[in-house]
Structure formats: structure tokens, C-alpha cells
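So the structure is just underneath, and the comments pick up after that.
The values are calculated or read from the model by the stated rules, or taken from the named source; none is laboratory data. What you see is a predicted model; the values in this text were computed from it and never measured. Cβ: placed from backbone, ideal geometry, glycine included. Neighbour counts: every protein chain shown.
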Amino acid sequence: MSRTMWPQLRVADWTETRDTLHMWTQIVGKIRLAHAPLVNHWWQVTLYVSPRGLTTSAIPYRAGVFDIEFDLLDHLLRMRSSNGTHRTVALEPKPVADFYRETMQALGDLGIETRIQAHPNEVDPAIPFSEDRQHASYDPNAAQLFWRQLLQANRVLGEFRSHFVGKVSPVHFFWGAMDLACTRFSGRTAPSHPGGAPNCGDWVMVEGYSRELSSCGFWPGGGEEGAFYSYAYPEPHGFADHPISPADAFYSPDLAQFLLPYELVRTAADPDRAVADFLHATYEAAAEHGDWDRAALEEDPNRWQEHR
């Protein structure tokens, strides 16, 4: 894949927009949380990369469904109900408080009664949405470039996911930390997670990390233009010292994870290969040092290629 498909977006150039968009995605994610039944590790609360931005996918409501999409091409929040009605909220510079009010009003206009925990999680301070006039920036070009970063990350993570036949998450966007993630599981239970995320109950982390895992993804931090990451829980002995590639990837003791800065991917001769090498090598670090049954968990995704 050409490196020109991997857009440049310096974190420092869009921090205010990023932080506002983060709060907006939390509001929409919490709407999904309010209506979707629990799925292990909170998989029911996530967003997904779509052809236009980020979407909730279909959310059950009474005898029907609705969805919400951040359309980052037309810069609209689109809400659609299976009863044929729809509403939009403009994505433009505005305080979180206004976005929250307009979004909840639009849901009400659709006849969708919703109550959410109206404050953010995994951030500090956690300003209640109805009071947050601090986060009010929206650069449409930056928001769209971020989505285009996610498009590339989603595509490569999806290919990586296809090599695993054990329990594995979708490639999905967690609005708590604002990261695109894919998680593989060994099949064994894990020690209870100690929690500690800001403004987030420890029980949330206990559910999220209830099984041994190797998780990877992309988030708009960790490098000048964001970073790919990979970690294991619980982290097995020898994980941090395992040889990985590309050569510029490294283990961060502070974050307890491997990092590959996005700008190194974007400027690589083969960006797809650089990310794939990183994902496979860091998963190997978790699986080998964690004594995973790799023969039972991995498979060639091209095994039926001749019949397709």
C-alpha cells in the first residue's frame, strides 16, 4: 500500500479538536451503552470505522433499532431510526455542553428515551457534559485526517485479526481512551485487574481484563502523529525484552507497552508491512512468554483461497 495513503497529522496541531471530539465520542458511546446488552469486555459500547467516519452500528431500542454516525466527510452527526425518521447535529466549533444538549434533543425528537452517566470516563478532570464549555474546538480538516488515519489502521488491524481463530475482539474504537483496538485472548482467566483509570470504576477494568490477553491498536498519542501500541495482560516475564520489529519500535516502561510511532510508519517504504511486522512480533512476545497454545489459536487466513 502506498505511503501516500497514510496521512500526516501532528498531534500538536489538533490537540484541542482531538480533546473536543473525544468528549463527543464519549457522549455517543454512552448512548450505545445505555441501550445495548452487555457483551464480554464491554464490546457492546464501542464505535466502528465506517466509510464516512465512526458509527455505533445498530443499537436496539424497544422493537426496533437506531444508529449514530460521526460523518467526518459532511461533518454531521447522523441519527437514523428503523421507524424511518432521522436527525442530524452539526459538527462544528461548539462547546461540549451544546453538543450534548443538541444530541439528546435529537434523540428525543426520534422518540428514543435515553439517560446516560453524563460525565466522561478515563480523563481527569471529568467535567460534566452539560457544564463543559472548555472543550469547544472543531477543525474539520483535522477530524477528517484522523478518520483517514483510522481507515488505514483499521484495514491493517483487520488483516492481522484474520490470522487468529481463538477468541478475538472486533477491530473497534474505545471512546474511553480514544483508541482503535483489537484484542486476542489465550483462553485462560486472568488475575483481577487493579483498576486505577481516572474517573472510571475499578469494576470496569475487572470486566475488561478478565481473561489473559494480547491487545494492540492505534491512538492519537505516543508519538508526534500518534502511535501503534501493543501490550499483554498479565504481562509475562520476558515480554518487554522480546525482539520486535521494525527496529524503531520500542518498549515503554512508563506505559508498559510496545510503541511504534505513526510518523515512522507513514514514512516507511512499506507502511503496511511495518505495522504488520510490529503487530505479529509483539503478539509473539505475549504468546511465547505467556505459554499460549498457538497451534490451537492461529490459522492461515488464506486456507480456502483456492475455493474463493
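Quick notes on this structure:
- All positions within segment 108-128 that are more than 21 Å from the chain's Cα centre (by Cα) and surrounded by 19 or more Cβ atoms within 10 Å (Cβ to Cβ): Ile112
- Unique residue being assigned by TED's automatic domain parsing to the domain that holds His289, in contact (Cβ under 8 Å) with a residue 60 or more places away in the chain and either farther than 24 Å from Ser57 by Cα or surrounded by 15 or more Cβ atoms within 10 Å (Cβ to Cβ) (or both) when the list is Phe173, Phe185: Phe173
- Residues that are out of contact with any strand residue (DSSP E or B) (no Cβ under 8 Å at 6 or more places or on another chain) and closer than 18 Å to Ala181 by Cα are absent from segment 64-75.
- So Ala142, is it within 20 Å of Val123 (Cβ to Cβ), within 9 Å of the chain's Cα centre (by Cα) and crowded, with 16+ Cβ neighbours inside 10 Å: no
- Of the helices (runs of 4 or more DSSP H) entirely within segment 257-308, those holding at least 1 residues that are surrounded by 15 or more Cβ atoms within 10 Å (Cβ to Cβ) and free of Cβ contacts under 8 Å to residues at least 40 places away in the same chain occupy 271-289.
- Residues in segment 234-247 that are among the small types (Gly, Ala, Ser), surrounded by fewer than 15 Cβ atoms within 10 Å (Cβ to Cβ) and touching a helix residue (DSSP H, G or I) at 6+ places or on another chain (Cβ under 8 Å): Gly238 alone.
- Looking only at segment 172-205, and only at residues there that are β-branched (Val, Ile, Thr) and touching a helix residue (DSSP H, G or I) at 6+ places or on another chain (Cβ under 8 Å), the one that is farthest from Gly217 (Cα to Cα): Val204
- Tally, over segment 125-148, of residues that are of a type outside the set (A, V, I, L, M) and closer than 14 Å to Gln26 by Cα: 5
- Matching residues, segment 26-47, being crowded, with 19+ Cβ neighbours inside 10 Å and of a type in the set (Val, Ile, Thr): Ile27, Val28, Ile31, Val45, Thr46
- Taking the numbered list (1) out of contact with any Lys or Arg (no Cβ under 9 Å at 6 or more places or on another chain); (2) surrounded by 15 or more Cβ atoms within 10 Å (Cβ to Cβ); (3) among the aromatic types (Phe, Trp, Tyr) in turn, Phe250 passes all entries but (2).
- Among (1) surrounded by fewer than 17 Cβ atoms within 10 Å (Cβ to Cβ); (2) within 25 Å of Trp42 (Cβ to Cβ); (3) out of contact with any helix residue (DSSP H, G or I) (no Cβ under 8 Å at 6 or more places or on another chain) - the single one Arg161 does not satisfy: (1)
- Meets criteria (among the charged types (D, E, K, R), at negative phi, assigned by TED's automatic domain parsing to the domain that holds Ala34 and in contact (Cβ under 8 Å) with a residue 40 or more places away in the chain) for Asp124: yes
- Criterion applied to Tyr251, Tyr209, Tyr231 was being closer than 25 Å to Thr55 by Cα and either out of contact with any helix residue (DSSP H, G or I) (no Cβ under 6 Å at 6 or more places or on another chain) or not basic (Lys, Arg) (or both), and the one residue passing it is Tyr209.
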